[in-house]
Structures are given as structure tokens and as C-alpha cells.
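The structure appears below as C-alpha cells.
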Amino acid sequence: MGRTAYLQGQKAAGRKVAAVWPARYPAELLWAHGVCPAEVWDPPAGQALAGAHLQSYVCGIVRQGLELLLSGGLTTADILLFPHTCDSIQNLGSLVRDLVHEPRPCLYFYPPRSGRSERAAVYLEAQLRTLSADLTRIAGPLRDGALEGALALGNGRAAALRHMYDLRARGALDASNEEFYGAVRTCEYLWPEDAVLHLEAFMKTHAGRPRRGVPLVLSGVLPAPSDLAQRLDGLSVAVVEDDLLACGRRFARALLPEPGDPWRAMAARLLALPPCSTAGDSVEDRASFLAEQVERTGGRGVLVLALKFCEPELFQIPSLVDAMRGRGIPVLAVETELGNSAPAGMMTRVEAFLESLP
Amino acid sequence: MTLGMELRYRWMKDVALPVLLKARERNRRKGSIGESPLGPPLESTRSLKRLMTRHYALARYAEGARPVAWVTSGAPVELLRAFGCYSVYPENHAALCGARRMGPEICTRAEEAGFSRDLCSYARVDLGHALSGLTPVGRLPRPDVLFCTNNICQTILYWFKELSHREGIPLVLFDTPFISVGEGTPEVFDYVAGQIKDAVPALERITGREFREDRFHEVLRSSIRASALWGEVLATMRHRPAPMTVFDAFVHLAPVVSLRGLPSCERYYEGLLAELQERVSRDVAAVPGERHRLMWDNIAIWFALAPLSRLFAEHGCAGVAGTYPNAWAETNHYLDLADPFGSLAKTYALIFLNRGLDYRLGLMEAMGRDYQVDGLVLHSARSCKPYSVGQYDLRRSLAGRLGIKSVVLEGDMTDFRTWSEEQARTRLTAFFESLDG
Ligand code: SF4
Ligand code: SF4
């Protein structure tokens, strides 16, 4: 079933739908309110309408997301949620509400940048309660045990994702890169129980020995352009791990003990996500995380997909590359854009990189 | 900090530099101004040059004598001053590099190290400087601490994190959540105030100095006064004809950004304000025959400040208001000695760049009316997303609300590699002519 049909089904089942811009946000809180998040990353939209509102030097995610909205591609959504991931999304969220005069409720979420501190946790918790009050007005109040139930759903989905990543890393998944990312990215809109069913079915169908290929770890924002995973398949690359913002950076890699209070637990969960440029985490933390992934999975190198105009990533990439090299890990950073096909020049660089690997 | 360094610093500050700067001024030949469409230049510009030259010159001697901090333009510097820190503003330094047309040369150094040409050019100048030592000011002192607030953008956080990582310098960060809607919540202000309080022991550790509340209050008082004076300076442009222009404001902004909280800053603005008030009383025009009054949105195009200023004046257009210079006068009324931490949190979290576009629109509309503006020039700064994203719609909305014409200039703050002087001239000339109807 396609994404739109699925979301219409969710509405028919009595849920509200929220269009959510990247990247990290408290999905559990939305679920608790009976709201199904549908994330807007790289929709297949042009940029014709968005061009009247945004300069050409804004990243594709922001431009295409706005295009989708303006061209009526988000009609299933009852709510729009903008996490303050970067300057561009921050302004987009405001632009849509204040200047484009979007009539649907626009909500905001600010991921704190002050480290994983107690202050950040307290602020996050306060913010979650405010967001919950907004959601109550739109989707109705929380039922008894709804937060606990949603936290359990989150645990279930994270466990399924961990399992799938783990199978891939151990070489026990007979799936191409394209198939793997196709499955992972259904989490961008499936209700968590459906996502778990989908991931489990995928793991079952694709159980087996992996296809042979050069084991690589991916970093960056997302597998883009949209044929990238397929092109990597064509080059016999077997992606074994990633810290992609849209994928591996959005679920905790271990089940950690959490406070009993569900609000606190939700805040703690957000603070336990892997290191991320958008969260203001240090490049050392990110490099250590990536190096660990490389070591654990036997990756032979790291391919960094630097999305054009993405400030948080572009600032970190030079030092991240240095840090990888300093650890003796081969690394290549290529500039990418959204779109249908990876440019020949970029793929040539990837090929040359693969040939240079020890 | 050694006694020798301290004595050297004091000697430079109190004896040598004042003498050197005076001598330099005497020796400087008076260049002919030539035919200028502008009114008489501001006398205070000489004091400004002296003040800022002294600031950068003294900075070299501060290393080892004072704790040195590199500070972002929207950071609560008052706290640092209470520790006697010498503050250097990389954004101001980048603007200076831009004005001296060194932007591309320094940016290239950062790009060679892998930083994308699409990143904020202030950051590229700074990182390029860190990598190459290139600067028009001789040398910047190595910081003991980086002091950063993300109220102007998230970009500054990535930039300062990078600097901290590369140079191994501790970073003190104040995270100011973006206020999309309304006036901010107590949770936001508690969060920010808490971080400012947390910075006290951190700075005590880093600087090896004790926090002195009396000094802190003194600095706060001075900061309040400097920002208020700056507000009054800008307000003189409400007068017809305006006694200075927004281009002057860009230049004379340096002290309130870099020296806020110091007596020299207050003194400077007292002088500037007096000069402007005197001009107002005599109807001295910055643009003789002022016909149109314009508002400038976004940071200055530093490398083109002088030609733009002339071009405006040639067409009888005076830039009389600017969202950027206004930022340092906008929220200082929140500062309250009875609640220093809480009020600092409000002062710094509520600046317009940290608020939704609705607020910015309201602010621009009010400025447009207060300053009787009949046109708007929007600088779409290629490498500054927070300021630029949304400008196209702000332009449309303001046209509707104020009934004014506007023009967008695609440019950058310091990096002129994508700037076409000719194109800008053509666009602006057509715009000015349209104002004449
Ligand atoms: S890709 Fe980067 S710049 Fe674009 S929305 Fe995501 S974080 Fe922001
Ligand atoms: S992105 Fe804009 S606001 Fe931020 S530091 Fe650069 S020029 Fe300043």
C-alpha cells in the first residue's frame, strides 16, 4: 500500500496525521495522542512553487518539503510539526505559519543543544508537556496509560530496527541496499505497530547470507539522490552500518534504563539518541560512534553523503574526515543533492574510492 | 597570567597606544574626498577608528595578561566582563575582513581545508583565519574560552564547536530555544538563565578569577546605558533629513557589539549622539536633498558599503533604518539589576533573529512607520540562512502593509566571488527610478 493510501487508512481508523519535518522529535508523544507522524524528508516534488518563497541556496529537504505542501501533497495531514533542526527548518516552520498562512495548526519542537545535561532534560520535559497541551486541543486528551503505551511502542520499534541493523552488520540479511533502506524508511510514516510488523516480515523474507560486496559504513543525512542505494548495489557495495540522520541516528543503539516517570523517560530517550551534528554534539563523539560502527561491522571505509547547503553537516565533515583518517579508517565525503539520479562525477569518485580501499 | 604580561598590557593600554594612535592620526595625510553626493562625514568616525584600532591593537597584548574570550555577537558578554576578560568578536573581525576586501582570500583557506563554500562566510573567514593567521589587524589573541549563544542562528554553534575542537579551547554555550510563537515561556527563560548561572563556576575555573557581583552589576549598568544610547543614535534617523544613514549605522555599530559593558563604549556613543543631535538641530542631511527614505534588511555587504552608500545618495535615497543595527538596541530594556540572570536570559533570548517571522514582520512594519520609510532593500545573504530564509515573503507582506516598493539584492557579507557590482547597480538604479515614479 502506498504512503498516501496508508495515511488515509489511519485517518479512517480515527487517528490524526501530522506532517513532520526532519529530524528528531518525540514520536511517542504523538502516538500517545493518537497522531500518526508522516515525515517529510525527500518527497518526489519539484521546486517550482517553493522558488517563490525560498532562495536557491536553501537545502533540498526544505525546498522540496515546501513544494509538497504548496502543491497540495500534504492534504492528509491535520497538523504540521517543525522540529528546530537547523536554521533553515526553523525559518521554514515560521514562514509556513506566519507568511504563507497555512490554516492547519503548526507546532514546533526545539531539541536542546546544551549537551545531554539535566538542564536539557528539564527543559525537554517542559516542552513535551507544552506540546502535549497543543496536541490535546487538536487530537484530544491523553488517555490513562497512553504515554506508557507509546513508550512501549517506541521500544518495540527501536528493538526491531536494532535487530535489523544487527542482522545486516552480522551478514545475516539477504537484502540489497535499496531493499534495506526501503524497509527502514517505512518507519517515516507507518504506525509503530505496523512498522514493527513490516520490519519483522522483511527480516523473515530476507533472512540468509548477504550478497557479496565491499562493506561500507554510510554517514550524512539520508541516502540521496533516490537511486543512490541502487547505484551502490550496482557497485557491489554492501552497506553494513550507517549514522544517517534520517536512519541510524534516530534510534538508540541500546536499551537503557529509563526513569519511571513517562515524561522524563520521553526526554531521556531523545537525549540517548546517537551523536548528531544537529544536536550540537561534538565531532569527537560522532567520530567515536562511527569508528565503533566500523570496527564492529568490519566496514572497510566510510562514505559521507554531504547534502548540499546542509550547514550542520557541512561544518562537521572536514573534522570528521580527519578523525576517521586519524584512526586509519578510509573515508570519502561526496556532495549530494536530492533528485532522481546520482551524478556521474560523484559515482566516479565513489568507484575510485572503492578501488583504493585496502 | 603573569605580572610581566599584566604590566606590559597596562603600559600599552594607558601610555603607548594612546600616543601611537595620536601620532598615526597626525601623520595620516588627508585624502581628498572628491565630489561626493553625501553630506559632511561624521566627526565621530575618527574617534571610532581610534577606539576600534586600539581595541584590536590591545588585543595582542591581552594574551597572557587577561583571560581572552572569543564571543558571539549575541552572547551575554556582561558576564565575561565581570571576570575582566578581553573580548574579541569573530563576527566583527569577519566584517572587518569583508570591508577590507579580504573575504575571498581568507575564505579560500577554509575551503582548502574542506569547508564548503556554501557555509556562512563569517565562519569561513574565522576558520580561514584560524588556519592561516591571515587578518588585517595584525594578529588576534588566542582565546582561553569561546563564549557562544545560538540566539542569532544555529550556525554559530556548529562554527564555535568546530573552533573549539580544532584549537582545543573550552566552549561555554548558552542554548536559547527559538521562539516561534508568542513571547517565550517561563520554561525557556529558566532554561537560559540556568545556563548563564552555570557559566559562573565554569568561568571561574577557566579564568582562575573569582566572580564579583559588584563588578557584574557595574557592567550591566554600563551595558544598559550603551544599548540605550545606541537606540537613541538610531532614532535620530527618524528626523527628516536623516543626520546619518544605515550605512553609517553599520560602521558605528562596532562598539555596541564589541565593547558593550565598558565605559569606553558609553563615552563613544555619548559623543556620537551629541554630534547627531547637533546635526538634527541644524537639519544637516547625510544625503543632501533626501528624497526617499529606505529600510535595509539583513547584514551589510561589507565589501560594497562605500559604493552602495554613494549610489543611494546619488539618487537622493537615504537608508534610514536597518533591522540588523537595531538588534543591539532592541531588547536591552529587559535588563534588570534586580534579576540579572533572569533578565539576561530575556534580553538575549528575545532578539528578533531568535523569534518567528511574524515578529520580524511586525518589527519591520513598525520601523517602516517610525522612520517614514518609502522603500525596502533586502540583502539576500547567500551564506546567512537564518536572516535570509523568509525574506521573499517578508517583502511581499510589507509591500501590502506599508504600501512600499522593494528590491532584493543577492549578495553576501564578506565573500564577493558571487557578487556582481554591475548587476547590483543596475537593479538598484531601476529601483530608485521606480521610487521617483
Ligand atoms: S538537510 Fe541539513 S539543512 Fe537541510 S533541513 Fe536537514 S539539517 Fe537542515
Ligand atoms: S549564519 Fe548569519 S547570523 Fe549566523 S553567524 Fe553567519 S552571518 Fe551571522
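The values are calculated or read from the model by the stated rules, or taken from the named source; none is laboratory data. It should be emphasised that the depicted structure is a prediction, and the values quoted were computed from it without experimental measurement. Note: ideal-geometry Cβ built from the backbone for every residue, glycine included; neighbour counts use all protein chains shown. Protein only, heavy atoms only, side chains kept; ligands, DNA and RNA dropped before computing areas. Shrake-Rupley method; radii C 1.70, N 1.55, O 1.52, S 1.80 Å.
Note the angle between two axes, namely the Cα long axis of helix A:60-70 and the longest principal axis of the Cα atoms of chain A, as a number of degrees from 0 to 90, rounded to the nearest 10. Tilt of helix A:60-70: around 40 degrees.
Against the empirical 2.2 N^0.38 Å scaling, what ratio does the C-alpha Rg of chain B come to?
Computed over Cα atoms of chain B, the ratio equals 0.95.
Largest GNM mean-square fluctuation across B:Arg205, B:Arg260, B:Arg221, computed for chain B with C-alpha springs under 10 Å, falls on B:Arg205. Nearest 10 degrees, 0 to 90: what angle lies between the long axis of helix B:340-349 and the longest principal axis of chain B (Cα atoms)? Value to nearest ten degrees: 40.
Taking only the alpha carbons of chain A, we obtain Rg and Dmax values of 19.7, 58 Å in that order. Contact order for chain A, expressed relative to its length and based on alpha carbon pairs under 8 Å spaced 6+ residues apart, stands at 17 percent. Residues of the stretch A:314-329 that lose at least 30 Å² of accessible area (1.4 Å probe, protein heavy atoms only) when the other protein chains are present, relative to their chain alone, are A:Leu314, A:Phe315, A:Pro318, A:Ser319.
Relative contact order for chain B: 18 percent, from Cα pairs under 8 Å spaced at least 6 residues apart, divided by residue count. Between the listed residues A:Pro318, B:Ser397, A:Thr348, the Cα displaced farthest toward the positive end of the dipole of the protein assembly as shown, a dipole computed from Cβ unit charges relative to the Cα centre, is found at A:Pro318. Where both bridge residues fall in chain A, DSSP classifies roughly 5% of the beta bridges as antiparallel.
Give me the extension gain from A:Glu351 to A:Asp78: residue separation times 0.36 nm, minus the current Cα-Cα distance, reported in nm with one decimal.
Details: separation 273, 0.36 × 273 = 98.28 nm, distance 4.44 nm.
Contour length minus the Cα-Cα distance gives 93.8 nm.
Normalising the average separation of contacting C-alpha pairs (under 8 angstrom, six or more residues apart) by the number of residues puts the relative contact order of the stretch B:138-200 at 31 percent. Full extension of the segment from B:Arg267 to B:Leu21, taken as 0.36 nm per residue of separation minus the current Cα-Cα distance, would add 86.8 nm. Within the assembled protein chains, the solvent-accessible surface assigned to B:Lys49 is about 120 Å², based on a 1.4 Å probe.
3J(HN,Hα) couplings calculated from phi for the stretch A:292-308 with the Karplus curve 6.51 cos²θ - 1.76 cosθ + 1.60 (θ = phi - 60°) are, in sequence order, 4, 5, 4, 5, 5, 9, x, x, 9, x, 10, 10, 9, 9, 8, 6, 4 Hz; Gly and Pro show x. The label point for B:Arg60 and the one for B:Leu337, both projected 7 Å from the Cα toward the Cβ, are 3.9 nm apart. Please work out the C-alpha center-to-center distance from the stretch B:362-437 to the stretch B:83-119 and express it in whole Å. For the stretch B:362-437 versus the stretch B:83-119, the Cα centre distance is 25 Å. Among the listed pairs B:Lys49/B:Lys161; B:Lys13/B:Lys49; A:Lys308/B:Lys385, those with a Cα-Cα distance over 23 Å are B:Lys49/B:Lys161.
On average, how much area does the Cα convex hull of the stretch A:1-151 cover when viewed from any direction, in nm²?
Working: hull surface 38.8 nm².
With the hull built on Cα positions only, its mean projection is 9.7 nm².
Once backbone amide H atoms are built at 1.01 Å from N, A:Tyr108 has A:Phe82 as its partners under 5 Å, excluding neighbours fewer than 5 places away on the same chain. Averaging Cα coordinates gives a centre for the stretch A:220-294 and one for the stretch B:247-288; these two points are 51 Å apart. Under the simplified labelling scheme, the B:Arg396-A:Ala52 pair shows an inter-label distance of 0.5 nm, with each label point 7 Å from Cα along Cα→Cβ. Proximity of backbone amide H atoms, modeled 1.01 Å from N, is registered between A:Asp242 and A:Leu218 at under 5 Å, excluding neighbours fewer than 5 places apart on the same chain. Using a Gaussian network model of chain A in which every pair of alpha carbons under 10 angstrom is joined by a spring, one finds that among A:Arg212, A:Arg269, A:Arg249 the greatest mean-square fluctuation is at A:Arg212.
Please give the per residue accessible area of the protein assembly as shown, computed with a probe of 1.4 Å over protein heavy atoms only, in Å².
Computed with neighbouring chains in place, this is 37 Å² per residue.
Residue-wise HN-Hα couplings along the stretch B:123-136, as the Karplus relation 6.51 cos²θ - 1.76 cosθ + 1.60 with θ = phi - 60° gives them from phi, are 5, 5, 4, 5, 5, x, 5, 4, 7, 10, x, 5, 6, x Hz; Gly and Pro carry x. Spacing of the modelled spin labels on A:Arg170 and A:Arg209, each 7 Å from Cα toward Cβ, amounts to 1.7 nm.
Phi angles of the stretch B:247-254 translate, via the Karplus equation with coefficients 6.51, -1.76, 1.60 and θ = phi - 60°, into HN-Hα couplings of 5, 5, 4, 4, 6, 7, 6, 3 Hz per residue; Gly and Pro are given as x. Between helix A:118-139 and chain A there is an angle of about 60 degrees, using the helix long axis and the longest principal axis of the Cα atoms.
Net charge of the neighbourhood of A:Ile138, taken over other residues with C-beta under 15 Å away and scored Lys/Arg +1, Asp/Glu -1, is +3. Here the Gaussian network model covers chain B, with springs between Cα atoms less than 10 Å apart; of B:Gly390, B:Gly114, B:Gly403, B:Gly114 fluctuates the most. For peptide A:281-291, the mean count of partner chain Cβ atoms within 10 Å of a residue's Cβ comes to 1.
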